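Trainee: Pasting a structure here, questions to come.
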Amino acid sequence: MTELHLWLRHEDRPTERRTPVVPSDARGLVESGVTLTVEESPQRIFPIEEYEAVGARVAPTGSWVAAPPAAVVLGLKELPAGPAELTHRHIFFGHAYKQQPGAEDLLRRFAAGGGALLDLEYLVDDHGRRLAAFGYWAGYLGAALAVLQHRGRLRAPLTPTSKEELDETLRPAPGDEEFTALVIGALGRSGRGARVALQAAGLDPTCWDLEETRDLDRRALLEHDALVNCVLATTPIPPFLRETDLDDPARRLRTLSDVTCDVGSPLNVLPVYDRTTEWDEPVRRLRKEPPLDLIAIDNLPSLLPKESSEGFSGQLLPLLRDFGTGGPWGRCLERFHDTCRELGIAEGESRNG
């Protein structure tokens, strides 16, 4: 591996507590010869002192814009609105390849500056399977919030917690009514997490995956009290819920938790809402009578920042050690260039190869 300089940036979103590299794995990177710079961040679950103790350099918040040209900027969620030209290679979940709102503007920023987006959503193996993902914890939390909402125990604003504390709130209490829950995408990472959370809540969920969704029984779907969607579509498929389904007088469904949050994309399998929900208002009522509540938070794992960061960082560490122009990273770069060409975005001269 050529000498690599990774620049771990502060997350611009106030509710983002996670990190893609935890201090114990930062030590492994430094020991393998990677130069690691970590920005100060008051909200990151791990304090900056823990990174400094394992040999990382420390930089001010937001200083990645002036990082050395060859540095690779590493983060998780969206970038701030500026600068207009992005000159570095960036690793994060860009959500830019499925026609999401703002995606083309983001790609134009990279093209204008000669940088590149290495989207973690497309860091995949030869079979297209993600190599580093927060899916398990996203599914776990999506199902957990659905349970708490259905039982009247979800309180806003949401605050980060630990798995032990969350599990305690999930345990059924005297007076809790039985209800039925459906997990769609039950065999994937997110689906597995959702199933575990529902079982911790004393529920035996209905589990659907590819076989059940090929010929979707919407009547059976609407007969469940709660739905947890864990399907991340990569090609267009018929939606699981339509506006007309919400007005079905036979609808029993009361709680809808969308883990995927593909709102705005033509691949969205739940096109019944137009914006996500937030930590301060995690639930939105889609229908008054009979009631139907939506939970659609696009950074769910940040509610368990320590556990989710440790799991993700462990998956990402060997990939960062092998960072280069081939393999999974090469596929990420090809995806960026291919999408720019498809959209007719002319790329400027690359400063980073």
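The values are calculated or read from the model by the stated rules, or taken from the named source; none is laboratory data. All values reported here derive from a predicted model rather than from experimental measurement. With ideal geometry, Cβ positions are generated from the backbone for all residues, glycine too; neighbour counts draw on all protein chains shown. For accessibility, only protein heavy atoms count, side chains too; no ligands or nucleic acids. Shrake-Rupley method; radii C 1.70, N 1.55, O 1.52, S 1.80 Å.
Trainee: Spot the failing condition for Val30; the list is (1) part of a loop (DSSP other than H, G, I, E, B); (2) on the phi < 0 side of the Ramachandran plot, and only one is missed.
Mentor: Exception for Val30: condition (1).
Trainee: Still on this structure: For the stretch 258-281, check the following and say yes or no: at least one residue is charged (D, E, K, R), assigned to a loop (DSSP other than H, G, I, E, B), modelled with pLDDT under 95 and open to solvent by less than 50 Å² (accessible area, probe 1.4 Å).
Mentor: Checked against the condition, which is being charged (D, E, K, R), assigned to a loop (DSSP other than H, G, I, E, B), modelled with pLDDT under 95 and open to solvent by less than 50 Å² (accessible area, probe 1.4 Å), the stretch 258-281 yields at least one hit.
Trainee: Out of the stretch 35-50, which residues are open to solvent by 10 Å² or more (accessible area, probe 1.4 Å) and in contact (Cβ under 8 Å) with a residue 24 or more places away in the chain?
Mentor: Thr35, Glu40, Ser41, Gln43, Arg44, Ile45, Phe46, Glu50
Trainee: Please identify the pairs in which a residue from the stretch 51-64 that is farther than 13 Å from Val34 by Cα has its Cβ atom under 6 Å from the Cβ atom of a residue that is among the hydroxyl-bearing types (Ser, Thr, Tyr) and open to solvent by less than 50 Å² (accessible area, probe 1.4 Å), counting only partners at least 6 apart or on another chain.
Mentor: Hits for this filter: Ala59/Thr37.
Trainee: Just to be sure, is Thr37 outside any loop (DSSP other than H, G, I, E, B), under 18 Å from Ser313 (Cβ atoms) and within 24 Å of the chain's Cα centre (by Cα)?
Mentor: yes
Trainee: Moving to a separate point now. What pairs come out if I take residues in the stretch 264-289 that are at positive phi and pair them with residues that are in a loop (DSSP other than H, G, I, E, B) whose C-beta lies under 7 Å away, six or more apart or interchain?
Mentor: Gly264/Gln100; Gly264/Pro101
Trainee: Continuing with this model, one more query. Take the stretch 9-27 and flag every residue that is assigned to a helix (DSSP H, G or I), touching a Leu at 6+ places or on another chain (Cβ under 9 Å) and open to solvent by 10 Å² or more (accessible area, probe 1.4 Å).
Mentor: Asp25
Trainee: Within the stretch 235-244, is there a residue that is part of a loop (DSSP other than H, G, I, E, B), in contact with a strand residue (DSSP E or B) (Cβ under 7 Å, 6 or more places away or on another chain) and touching a residue at least 24 places away in the same chain (Cβ under 8 Å)?
Mentor: The answer is yes, given that some residue of the stretch 235-244 is part of a loop (DSSP other than H, G, I, E, B), in contact with a strand residue (DSSP E or B) (Cβ under 7 Å, 6 or more places away or on another chain) and touching a residue at least 24 places away in the same chain (Cβ under 8 Å).
Trainee: Is there a residue being basic (Lys, Arg), open to solvent by 10 Å² or more (accessible area, probe 1.4 Å) and over 18 Å from Gln315 (Cα atoms) anywhere in the stretch 69-77?
Mentor: no
Trainee: What's the number of the only condition in (1) under 15 Å from Tyr140 (Cβ atoms); (2) outside any loop (DSSP other than H, G, I, E, B); (3) open to solvent by less than 20 Å² (accessible area, probe 1.4 Å) that Ala186 fails to meet?
Mentor: All conditions are met except number (2).
Trainee: Answer yes if at least one residue in the stretch 130-138 is farther than 28 Å from Leu320 by Cβ, open to solvent by 20 Å² or more (accessible area, probe 1.4 Å) and among the basic types (Lys, Arg), and no otherwise.
Mentor: The answer is no; no qualifying residue exists.
Trainee: Report, by residue number, each residue of the stretch 96-129 that is touching a strand residue (DSSP E or B) at 6+ places or on another chain (Cβ under 8 Å), open to solvent by less than 10 Å² (accessible area, probe 1.4 Å) and not in a helix (DSSP H, G or I).
Mentor: Ala96, Gly115, Ala116, Leu117, Leu118, Asp119, Leu123
Trainee: Going by the conditions given, is Pro318 surrounded by fewer than 16 Cβ atoms within 10 Å (Cβ to Cβ) and outside any helix (DSSP H, G or I)?
Mentor: Spelling it out, it is not the case that Pro318 is surrounded by fewer than 16 Cβ atoms within 10 Å (Cβ to Cβ) and outside any helix (DSSP H, G or I).
Trainee: Note down all Cβ pairs under 8 Å where the first residue falls in the stretch 124-146 and is under 23 Å from Leu256 (Cβ atoms), the second is of a type in the set (Asp, Glu), and they're at least six residues apart or on different chains.
Mentor: Correct list of pairs: Trp137/Glu307; Gly142/Asp258.
Trainee: Collect the residues in the stretch 159-183 that are over 16 Å from Trp137 (Cα atoms) and buried (at least 19 other Cβ atoms within 10 Å of the Cβ), keeping them in residue-number order.
Mentor: Ala181, Leu182, listed by residue number.
Trainee: Something else: With the checklist (1) assigned to a loop (DSSP other than H, G, I, E, B); (2) among the aliphatic types (A, V, I, L, M); (3) crowded, with 22+ Cβ neighbours inside 10 Å in hand, flag the one item Leu6 doesn't pass.
Mentor: Here Leu6 clears every test but (1).
Trainee: Can you confirm whether Arg284 is more than 15 Å from Ala226 (Cβ to Cβ), at pLDDT 95 or above and open to solvent by 20 Å² or more (accessible area, probe 1.4 Å)?
Mentor: It is true that Arg284 is more than 15 Å from Ala226 (Cβ to Cβ), at pLDDT 95 or above and open to solvent by 20 Å² or more (accessible area, probe 1.4 Å).
Trainee: Let me ask something else about it. On the given criteria, is Glu85 assigned to a loop (DSSP other than H, G, I, E, B), of a type in the set (Asp, Glu), at pLDDT 95 or above and closer than 30 Å to Arg275 by Cβ?
Mentor: yes
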